[in-house]
Each structure stands twice: as structure tokens, then as C-alpha cells.
Amino acid sequence: MQLRLQDQLNPVADEVSALIAVVRPILAGILFGLKAEVTAEVGGHENVKLFMLPRLRRPGDGDCGICFEYAVHDAMNRNDPMVLERVVDSLAKCKVPGKHSASILFGAEKTGSLQLIDTAKEWLTDESRLLAGTRGQPAKLKAHIDAAAAAFRKHGSGSELPKSISGLWKADLFLGNVDSDYWVATTVKINKDHLEGARGLRIGVVPAKSGRGDHPYKDEERNLVVCPLAHDGNFMELFYEGWDVMMQFLHHDARLPKESALPRPAKRHVARLLQERREYPVVEVLDALDPLAQPELLKTVERDADLVVRRTGDAPTTLLAPLPNKVE
């Protein structure tokens, strides 16, 4: 994969490009949330065409949460200031050194239909450290990835993880700074009431709650630094706008919905772009939409690295870039 360090050059150009930027990870979350046995019938996720998505997908309560994880991860690695600024503040509260923040997608699904682990075994070095908020030498993250993956599949039972990080399997992301090589396990919840603490978890990313504000704060009861993402005119509003576009598009059999379903021109334009590509594999659609998402927003410096992605019961597979990251 290519690790991208990005600096923001300009504010968001327009509503359409901003919507495309958030629709892409939502679309990826829906694709990789499909059951493995279902996609196997068409030759794997990489062969699922866009028009087939609403026919293969069985809507579930956890769908929005899965897509929210993808969107937060993608926003971090695009250096979206609506997410990045709050994560940087949260990392500072966890005393994570460094300046170049990034995200590693660890667990993208919790319903049992797909377990996708983006382990970043070449991105992480042998000295990558996991700050667990306990005394003593920080654990080497790379050494515990496989144990966390195994515990994830068993929902924590029979875990071989050290006691100090026994809740690592509940992480959705690892947030940290690539220049210092320090990381913290992070849980991401679309419903703040579902936020839970666990040994080894340090940050909880949630939508901001009315009356609480959107500044990171320490939740003593859960022993988490809570990172709220703001609503009005901010990331959560944009995420739900993108979710609206995708749900209406899929509900209308991967075609442009009627105007009463998507009355705003910007949303209809994004849905039209999707409809034009309905005969293509979703992974190709994601790549095709990439240049249309927030053009000239970022200055990107790239370096090579490899990621290992695994699905339960499946051999390693290749995913698209940059959702979650390019895998060779």
C-alpha cells in the first residue's frame, strides 16, 4: 500500500465533492459488510457490480455503524480537518507524541457477516508501540495483532492478550502518529450510548451529544478520552447526508431516485454519478470517484508500505485504495 501524508491546501471546494468524499467510504463499508458466502457466489467482493449491491445486501442495524467506522478512518487519512483536529486533541490527551496523525482500520464489522482486519504489518514496525494508559513499557503493537484478531473472532473468550490490553479486540481503529510510531486503540460508535471501555482502549469516537459540546474530554467511568464529532455544518451532518444518498440510491435499485426522495441538486448529482457506473464493479466505482472527491484539497507525499487484510475463513484478498488502504 502507499502511506499518504497529506496537508490541506484549500477549504472544501463545493457540496458535491464533499458528498463524494464521504459517499465513497460509506459505499466501501456496505460492500465489505456483505456476507462472504454471498459474495463468493459472484467471485468475491471485487466482482460485485454496483447494480447487484442492493440485491445482495440484507440491511441490518449495524450497517450505519460499519460505514461510520470507514468514514472516520478515511477522513483521518485524507486529513479532513473536521475529524483530524479533534483526533489530534484526543491524541494529545493520551500523551501520544508526534505530529503526523493517521488511522489504521482494524475491525470493520461486528455482526458476524464479515471480519476484516487491516493489520498494517508492514506499516507497523517492530518498534511500533501501543499506549494503553498503564504503567510500564508500552506493548509492541505488531506482536499482538494476531492475538487481537483471534480474540475478535471469539468475542474475547480464550484471549491470549496480556491483561493490560485484554480489550484490544474491541478496537475499530488504531489512531496515532506515524513519525513517533505510537498508537492508541480506538473504539468508534455511531450511537454514543453504546460506547464501552475496555483494557487497552484509549479513545472513543462518537457523534457529539447535544449540550455537551464537541471538545474531547476524559470519561472517567469508561476510562476513555471521548472524541465527539460535531453535527451542524460539520462532519456528522455531512456523513448523514452521504448516508441519505446511498440509502435512497440502493432503495431505488441502484438508480437515480425520484426527486421527492432526493430533492437537493447536489445529492441528485452524486446519485446520478453512481447510476452512470451501475454496471461496473463497486471497487472500480470507488476508484473512479476518487479524483472527484474534494479536488485540490490536499498536498500528498507518498511512501510505499504493505498491508495484510484477512477475512475469517478466507485466504488473503486484495482491496482497493485508499479504502481502507491499497493492498498489494
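FYI, it's all coordinate maths here, none of it is from the lab. What you see is a predicted model; the values in this text were computed from it and never measured. As a convention, Cβ positions derive from the backbone with ideal geometry for all residues, glycine included, and neighbour counts pool all protein chains shown.
Where in the range 153-186 does the label zone of Ala92 land, with the point 7 angstrom along Cα→C-beta and an amide N cut-off under 16 Å?
Output list for this probe position: 176-177.
Any of Lys93/Lys140; Lys154/Lys209; Lys163/Lys218; Lys93/Lys154; Lys170/Lys218 with alpha carbons more than 26 Å apart? Name them for me.
Too far apart for the 26 Å limit: Lys154/Lys209; Lys93/Lys154.
Grab the other residues whose beta carbon is less than 10 angstrom from that of Arg199, score K and R as +1, D and E as -1, and report the net.
That works out to +2.
With a sphere of radius 9 Å drawn around the Cβ of Asp126, what net charge do the other residues whose Cβ falls strictly inside it have (Lys, Arg +1; Asp, Glu -1)?
Numbers: positive: Lys140, Lys142; negative: Glu127.
Here the count lands on +1.
Determine the sum of side-chain charges near Arg55: Lys and Arg each +1, Asp and Glu each -1, restricted to other residues whose C-beta is under 12 angstrom from that of Arg55.
Spelling it out: positives minus negatives among the neighbours equals +2.
Kindly provide the trypsin sites (Lys or Arg not before Pro) of the range 156-253 that DSSP labels as loop, not H, G, I, E or B, and whose Cβ sees at most 15 other Cβ atoms within 10 Å.
Lys209, Arg212, Arg222
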